[in-house]
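**Q** Questions regarding the structure given below will be posed in turn.
Just so it is clear, none of the values below were taken in a lab; they were calculated from the coordinates. Every value quoted in this text rests on a predicted model; they were computed, and no experiment measured them. So basically every Cβ, Gly included, is an ideal-geometry build from the backbone, and we count neighbours across all protein chains shown.
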Ligand code: SOE
């Protein structure tokens, strides 16, 4: 059977463009895809850099104007991997032109922008690259929670720490400028922690937060702390920072429930700690599960049991699942609506930090 061809245009050629290029290249090697993907055109501002990236990853053409990409009839998929302030204009134009739209996180630089984006993509297949949902250990945590293995949830605890703010060579890019990124650590790191929290533990009903900027001349937050009440009755604490010196990419969560505990750290991403409080007391103890199979999420897609996966695999899994759900005409998650839910929490975080008050959310986060 001949497969439908999909011509992909990726806008952006930085770090995350490399991760996406790899996912587009690799996805057909792992997933039995319902489509044939073509890495048609890569778009960015610097032609010389684009040509080098295109040659390296096998993009057929380069383009320096994203509007030209949108107007091209032969482009099926627009993938947005550029600074946050450009997400909205590109995503809205692409959706209006009927393209399939994939977008990096955080979705937008404001709630108002995110609402317009989510509305614009309603009629086209869409995805937001909250990649950590598809770390096999995280997907397995979700399965255990859904099976009731952790029972009634009491605590949700998350950290996302890196040390980029403390490194002057890194702390000058677009991620540190409000005009291009909207927020600092909140959008960059917190968006991941919030997406995971909403996915694993459900909507947040109210929160209080503080943000802090260490660098004297910076107009975005470097760190944020947040306390939350979830609709399921549990309480949450979150900390994100670009001054987590000693941590390069520490993304963790821990859940304490009436029947057990789950603990994950991206620094040991193939493992999930599980404590089963229903076992006889003399056998109770936290076990460190290697989540590479058998019978773990994606174990038949990637390597044999015991053969670890890395940073790139959740992106490949995100894309593979997305293409399958598109072929089945099913709604994929995380999509723009899920990312809008994250944006509502980010907006509440900012309002709470400014007003120094608790902020209620309407529970409309899933
Ligand atoms: C930089 O802080 C960054 O690349 C984030 O933007 C990503 O979303 C995160 O996964 C890793 O760190």
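**Q** For the residues 291, 245, 345, what sequence is obtained by ranking on other C-beta atoms within 10 Å, fewest first?
**A** By the 10 Å Cβ count, ascending: 245, 291, 345.
**Q** Let me know the volume per residue of the alpha-carbon convex hull for the chain, in Å³.
**A** It is 145 Å³ per residue.
**Q** For the range 49-190, rounded, prolate or oblate, judged on the Cα gyration tensor with a ≥ b ≥ c (square roots of eigenvalues), a/c < 1.5 rounded, else prolate if a/b > b/c?
**A** Verdict is prolate for the range 49-190.
**Q** Here's a follow-up. So for the pair residue 96, residue 277, with labels modelled 7 Å out along Cα→Cβ, what separation do we get in nm?
**A** Placing both labels 7 Å along Cα→Cβ, they lie 5.3 nm apart.
**Q** Using r as the Cβ-Cβ distance of residue 1 and residue 300, and R0 as 30 Å, what FRET efficiency do you calculate, to the nearest 0.05?
**A** Calculated value: 0.85.
**Q** Further question on the same structure: Between residue 179 and residue 155, what is the FRET efficiency for a Förster distance of 25 Å, r being their Cβ-Cβ separation, to the nearest 0.05? List each step's numbers first, then the result.
**A** Details: r = 38 Å, r/R0 = 1.50.
Once rounded, the FRET efficiency stands at 0.10.
**Q** Moving on. For the chain, what is the percent of antiparallel DSSP beta bridges, rounded to the nearest 5?
**A** On the way: 38 of 67 bridges.
Looking only at bridges with both residues in the chain, the antiparallel portion is about 55 percent.
**Q** Hey, how many Å between the Cα centroid of the range 290-323 and the Cα centroid of the range 189-214?
**A** The range 290-323 and the range 189-214 have Cα centres spaced 26 Å from each other.
**Q** Applying a 10 Å radius around every beta-carbon, put 146-157, 3-14, 186-197 in order of their mean neighbour count, most first.
**A** The peptides rank, most packed first, as 186-197, 3-14, 146-157.
**Q** So if I take the centroid of the Cα atoms in the range 119-144 and the same for the range 34-86, what is the distance between those two points in Å?
**A** 23
**Q** Along each of the three principal axes of the Cα atoms of the range 163-225, give the extent in whole Å, ordering the values from largest to smallest.
**A** So the extents along the principal axes, rounded to whole Å, are 37, 22, 19.
**Q** Another question, if that's okay. Label residue 52 and residue 290 with points 7 Å out from Cα along Cα→Cβ: what is the distance between them in nm?
**A** 3.9
**Q** Going by how many other Cβ atoms sit within 10 Å of their own, how do 87, 333, 307 line up, fewest first?
**A** Least to most surrounded, the residues fall as 307, 333, 87.
**Q** I would also like to ask the following. I need the calculated FRET efficiency for the pair residue 73 and residue 122, taking r as the beta carbon distance and R₀ as 25 Å, to the nearest 0.05.
**A** 0.70
**Q** While we're here: Return the calculated 222 nm mean residue ellipticity for the chain, to the nearest 500 deg cm²/dmol, obtained by summing -39500 (n - 2.57) across DSSP H runs with n ≥ 4 and dividing by the residue count.
**A** For the chain, the value works out to -9500 deg cm²/dmol.
**Q** What is the order of 358, 66, fewest Cβ neighbours within 10 Å to most?
**A** So the residues, fewest neighbours to most, are 358, 66.
**Q** Let me ask something else about it. Evaluated at 25 °C with a viscosity of 0.890 mPa s, what Stokes-Einstein diffusion coefficient in µm²/s does the range 204-356 have when Rh comes from the Kirkwood expression over alpha-carbon pairs? Mind showing how you got there, number by number?
**A** Working: Rh = 18.8 Å.
Answer from the Stokes-Einstein relation: 130 µm²/s.
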